[in-house]
1. Among what's in the range 1-55 and is among the aliphatic types (A, V, I, L, M) and in contact with a helix residue (DSSP H, G or I) (Cβ under 6 Å, 6 or more places away or on another chain), pick the residue that is modelled with the lowest pLDDT.
2. Give the residues of the range 56-69 that are modelled with pLDDT under 85 and either part of a helix (DSSP H, G or I) or of a type in the set (Phe, Trp, Tyr) (or both), sorted by residue number.
3. Hey, residue 110 hits all of (1) at positive phi; (2) in contact with a helix residue (DSSP H, G or I) (Cβ under 7 Å, 6 or more places away or on another chain); (3) open to solvent by 80 Å² or more (accessible area, probe 1.4 Å) but one; which does it fall short on?
4. Pairs, please: C-beta under 9 Å, at least 6 apart or cross-chain, first residue more than 19 Å from residue 59 (Cβ to Cβ) and in the range 34-48, second of a type in the set (A, V, I, L, M)?
5. Can you confirm whether residue 120 is surrounded by 13 or more Cβ atoms within 10 Å (Cβ to Cβ), modelled with pLDDT of 85 or more and in a helix (DSSP H, G or I)?
6. Test of understanding: among 160, 131, 80, 84, which residue is assigned to a helix (DSSP H, G or I) and surrounded by fewer than 10 Cβ atoms within 10 Å (Cβ to Cβ)?
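The values are calculated or read from the model by the stated rules, or taken from the named source; none is laboratory data. Note that the structure is predicted; figures quoted are calculated from it, not measured. Counting neighbours? That spans all protein chains shown, and the Cβs are built from the backbone with ideal geometry, glycine included. Just so you know, the surface numbers come from the protein's heavy atoms only, side chains and all, with ligands and any DNA or RNA stripped out. Shrake-Rupley method; radii C 1.70, N 1.55, O 1.52, S 1.80 Å.
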Amino acid sequence: MYEAYLRQLLEPLGVYDLSGDSINGAELHALGAVLDQTGERLETVEREAVTATAEGEGLCRREALFARRPAAVTPEERRAAITALLQIDGDGLTPSAINRAIQGCGIRARAEESGAGRLRVVFPRVSGVPAEFEQIRKIILEILPCHLDVEFYFRYLTWAECEGAGYTWAAVDKAEYTWEGFQLAVPPEE
């Protein structure tokens, strides 16, 4: 790529012998190869230096800045988590700012005010305790301001929902639910 560029640049001068077996041609070939390698390395550095385009080393180095690695897996989720964590500041105490930070970390949760100094963390569309809850809990508690009383809310089937759906013990037995499975048979959220 760069060899061809250098040849195009020097050819109009007519001073150099640019054939492949000449010293000038060999020198252009060597310089072109080095410039190609340098260009590839610069492309990688440029990509990894910007959070929005980083894929590997750039994401790992940014994640190392935080006490815990975000609960995100794909490069897109990791970028969003890093961006959300970098936006947390002393003024980020509103529920919307807290939710952006939590969701930006790849955690499917929502923070809701439940009184003065109280915050309830809800896991929408998740029945029971979410997978890897201990890691999620640690991340959320590090994001949230320490002066707030945090309550984690886990969704289970309620007796009112059972009555509303017309469940009977015969229907539950027929569906061969275990007690745990029955508790997690929460109707879909709207």
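1. Start the filter on the range 1-55 by keeping residues that are among the aliphatic types (A, V, I, L, M), which leaves 1, 4, 6, 9-10, 13, 15, 18, 23, 26, 28, 30-31, 33-35, 42, 45, 49-50, 52, 54.
Keeping just the survivors that are in contact with a helix residue (DSSP H, G or I) (Cβ under 6 Å, 6 or more places away or on another chain) gives 1, 6, 18, 28, 35, 54.
On the way: 1: 88, 6: 84, 18: 76, 28: 86, 35: 93, 54: 91.
Here the residue is 18.
2. 63, 66
3. Unmet for residue 110, out of (1) at positive phi; (2) in contact with a helix residue (DSSP H, G or I) (Cβ under 7 Å, 6 or more places away or on another chain); (3) open to solvent by 80 Å² or more (accessible area, probe 1.4 Å): (1).
4. 35/1; 35/6; 36/1; 39/1
5. Values: surrounded by 13 or more Cβ atoms within 10 Å (Cβ to Cβ): yes; modelled with pLDDT of 85 or more: yes; in a helix (DSSP H, G or I): no.
For residue 120, the condition - surrounded by 13 or more Cβ atoms within 10 Å (Cβ to Cβ), modelled with pLDDT of 85 or more and in a helix (DSSP H, G or I) - is not met.
6. 160
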